[in-house]
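Below is one structure; the comments refer to it alone.
The values are calculated or read from the model by the stated rules, or taken from the named source; none is laboratory data. All values reported here derive from a predicted model rather than from experimental measurement. Note that we place each Cβ from the backbone using ideal geometry, even for glycine, and neighbour counts take in every protein chain shown.
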Amino acid sequence: MIELRNVSKKYSTGTEAVRDVTLHIKPGEFVSLVGQSGVGKSTIVKMLVAEEKPTKGKIVLGGWDITRIRTHDIPLLRRQIGVVFQDFKLLEQKTVYENVAFALEVAGYPKKHIEEIVPQILTLVGLSDKKESFPEQLSGGQQQRVSIARALAHRPKILIADEPTGNLDSINTREIIDLLLKINKYKTTVMLVTHNRDVVNSLRKRVIAMEDGRVLSDKERGRYAL
Amino acid sequence: MFLISFKRIVKFACQHFVRNVWLSIATMTIIVLTLFSLTTLVLVNVVADYATNSIKDTVDVALYFDNETTEEAVGILEEELNKIEEIKEVQHITAEEALEKFKKEHEGDEAIEATLLELEKNPFGATLVIEAHDVEQYPLIMGKIEEMKLGDVAEEIDYEDHQLLIKRINQFTDKLKSFGLIISAIFILVAVLTVFNTVRMGIYIHRREIGIMRLVGANNWFIRLPFILEGLFYALLSCIAFWIIMFVLLHFFGPKINTFFTEINFNIGEYMRANFLNIFGFEFIIIAVVNMISALVAMGRYLRI
């Protein structure tokens, strides 16, 4: 599903964020990408959504080589990968329903289709009773659920969660991780990027640890051991 | 799908416009000022044409004959002149008509009336007034008349004076046009910079929304088009606002302005009403193109897709 072959990324400033990383993530897997801040985890996420291009190596997603992806193909790629971030990235002036619908609106889906899909996703993330609420009326955990719901709007095969629990307390963190596990059960490949030790250790799933831009370890049932 | 996307793009463009209403108003004010300078330039051209044409209409060549020349001889010459293709019209004023006209003009002047009575013969001869199709053709016509060797025929040519006047008007209006062009160019440049800055501010204000659009896979044109449409809105609304202001000003000041143009028979209100669609279209196209170019340059510089 996700394949990185000898990928390196060096920024114009001279910083080498990622060094010769090789990874293979199978369809339907739940993988935690762990490491301290600045080890290159977010750069890998940026390369997966074509926000950055690798300096060396090759990236293949579901058989699609995106290493030198053309500009007009980037939106298509981004509809196949759902991404959530630590800061939720919600539109404050839109309701929960509108935030999720926005992802489909900008892709040109008809209103009828949007009205069909959005309630289903909101039910999946447990927010069907909050669809008329605005983000500021929700807790951090609920806001992250909205963000996940929006990421799922295109029914992506891959969901990347970049530090999704960074702004949440332990109860909300648990709820979000449970939601990611639930989504993974529906055969969606989930890549959890985190440096939360407790979360990683509780999952007992595959853990890829990074240090200084390189893969330090890759274990099937790993623990956070840096 | 295209129509749905287009509707949403229009909606986003309207949101951009409304959410930055004061910035939008400031931008439109600059565009309206640009339109004032453009319209002035158009009017200078039109008034210059009216003035030149009105002088050209008064230009003619008159051939005065002595009172010995018979009307038959003048008639033959009139026929000959009518054969010259550059001549539009030849008007034959007989000696009798010339005398009647003179008497009418000096009715009540006892000295002149007494002098005329003393004269045994009509002192006036016939006159042929020649009008050309184009004022430029008079020298050619005069050349052909000279070739006819008319002998005692007296000539009076008044087109040379007019030509000098036309030349002076053209020189003056050329200078005015150059000045107008410079002013318009300055205003267009200011409008370009203003729209550029407005779009840049728009991109900054909507950076979060744009980031989310990119994140969820919006097409590049879906992100860019609202900014281009916003530029078109500015052009359209500014043109409408300008013409409303223009017609209000013409309603109140039109009659006063027209007093400057009574000599050349130009009515600014009538002209603006009759040519409203042409001038509106011309100005809208110029401003729309300028705005779109500004928006494209601003996006190229500040909008990362």
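Each residue in segment B:65-85 was checked for being surrounded by fewer than 15 Cβ atoms within 10 Å (Cβ to Cβ) and either of a type in the set (Gly, Ala, Ser) or touching a His at 6+ places or on another chain (Cβ under 7 Å) (or both), and 2 pass. In segment A:145-170, the residue that is nearest to the other protein chains (Cβ to nearest Cβ) out of those that are assigned to a helix (DSSP H, G or I) and small (Gly, Ala, Ser) is A:Ala151.
Highlighted here are the helices (runs of 4 or more DSSP H) found entirely within segment A:70-144 that include at least 2 residues which are at the interface with chain B (Cβ under 9 Å from one of its Cβ atoms): A:74-80, A:96-105. Among the residues examined, B:Glu263 qualifies as farther than 22 Å from B:Thr34 by Cα, assigned to a helix (DSSP H, G or I), touching a residue at least 60 places away in the same chain (Cβ under 8 Å) and in the same structural domain as B:Phe187 (by TED's automatic domain parsing). With respect to B:Ala73, determine if the residue is part of a helix (DSSP H, G or I), assigned by TED's automatic domain parsing to the domain that holds B:Ile141 and not charged (D, E, K, R). Criteria met by B:Ala73. On the stretch given as segment A:183-216, residues that are free of Cβ contacts under 8 Å to residues at least 24 places away in the same chain, within 20 Å of A:Met1 (Cα to Cα) and not aromatic (Phe, Trp, Tyr) total 1. Looking at A:Ile171, A:Ile148, just one residue is of a type outside the set (Ser, Thr, Tyr) and surrounded by fewer than 17 Cβ atoms within 10 Å (Cβ to Cβ), and that residue is A:Ile171. Just so you know, in segment B:14-29 the residues that are modelled with pLDDT of 85 or more and buried (at least 19 other Cβ atoms within 10 Å of the Cβ) include one that is farthest from the other protein chains (Cβ to nearest Cβ), and it is B:Met28.
Within the set B:Lys101, B:Lys56, B:Lys121, the sole residue that is among the charged types (D, E, K, R) and modelled with pLDDT of 85 or more turns out to be B:Lys101. Only one residue in A:Val34, A:Val83 is in contact with a His (Cβ under 7 Å, 6 or more places away or on another chain) and buried (at least 19 other Cβ atoms within 10 Å of the Cβ). Which one? Result of the check over A:Val34, A:Val83: A:Val34. Residues in segment A:1-54 that are assigned to a loop (DSSP other than H, G, I, E, B), in contact with a helix residue (DSSP H, G or I) (Cβ under 9 Å, 6 or more places away or on another chain) and β-branched (Val, Ile, Thr): A:Val49 only. Residues of segment A:55-68 that are without any contact (Cβ under 8 Å) to a residue 24 or more places away in the chain and in a strand (DSSP E or B): A:Trp64, A:Asp65. Quick check: anything in segment B:216-237 more than 14 Å from chain A (Cβ to nearest Cβ) and farther than 17 Å from B:Thr27 by Cα? No, every residue in segment B:216-237 fails to be more than 14 Å from chain A (Cβ to nearest Cβ) and farther than 17 Å from B:Thr27 by Cα.
No other residue among B:Ile203, B:Ile240 is among the hydrophobic types (A, V, I, L, M, F, W, C), free of Cβ contacts under 8 Å to residues at least 60 places away in the same chain, away from chain A (no Cβ under 11 Å) and farther than 30 Å from B:Ile169 by Cβ apart from B:Ile240.
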